[in-house]
Amino acid sequence: MDKVTVEICCGTACYLLGAARLMELEANLPEELKGKVEFEAKACLGMCNDDRLGG
Ligand code: FES
């Protein structure tokens, strides 16, 4: 299995919705996933301005 990268938006809108807490998932991964998933904090990914997503 290739390593999976999860990008987590930490822009203002997502931060206010609690996105930064998703970074805590890395410390709580099941043993079988440790080293196979990495989390990266990103600036605004533009989703908050997407009308299809309620932005
Ligand atoms: S702040 Fe997260 S997508 Fe814009």
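Every number in this text was worked out from the coordinates using simple rules, so none of it is lab data. Because the structure is a prediction, the values reported are computed rather than measured. Every residue, glycine among them, receives a Cβ derived from its backbone with ideal geometry; neighbour counts consider all protein chains shown.
Worth pointing out:
- E7 surrounded by 10 or more Cβ atoms within 10 Å (Cβ to Cβ), outside any helix (DSSP H, G or I), of a type in the set (D, E) and within 11 Å of the ligand (Cβ to nearest atom): yes
- Residues within region 25-54 that are within 16 Å of the ligand (Cβ to nearest atom) and in contact (Cβ under 8 Å) with a residue 12 or more places away in the chain, tallied: 9
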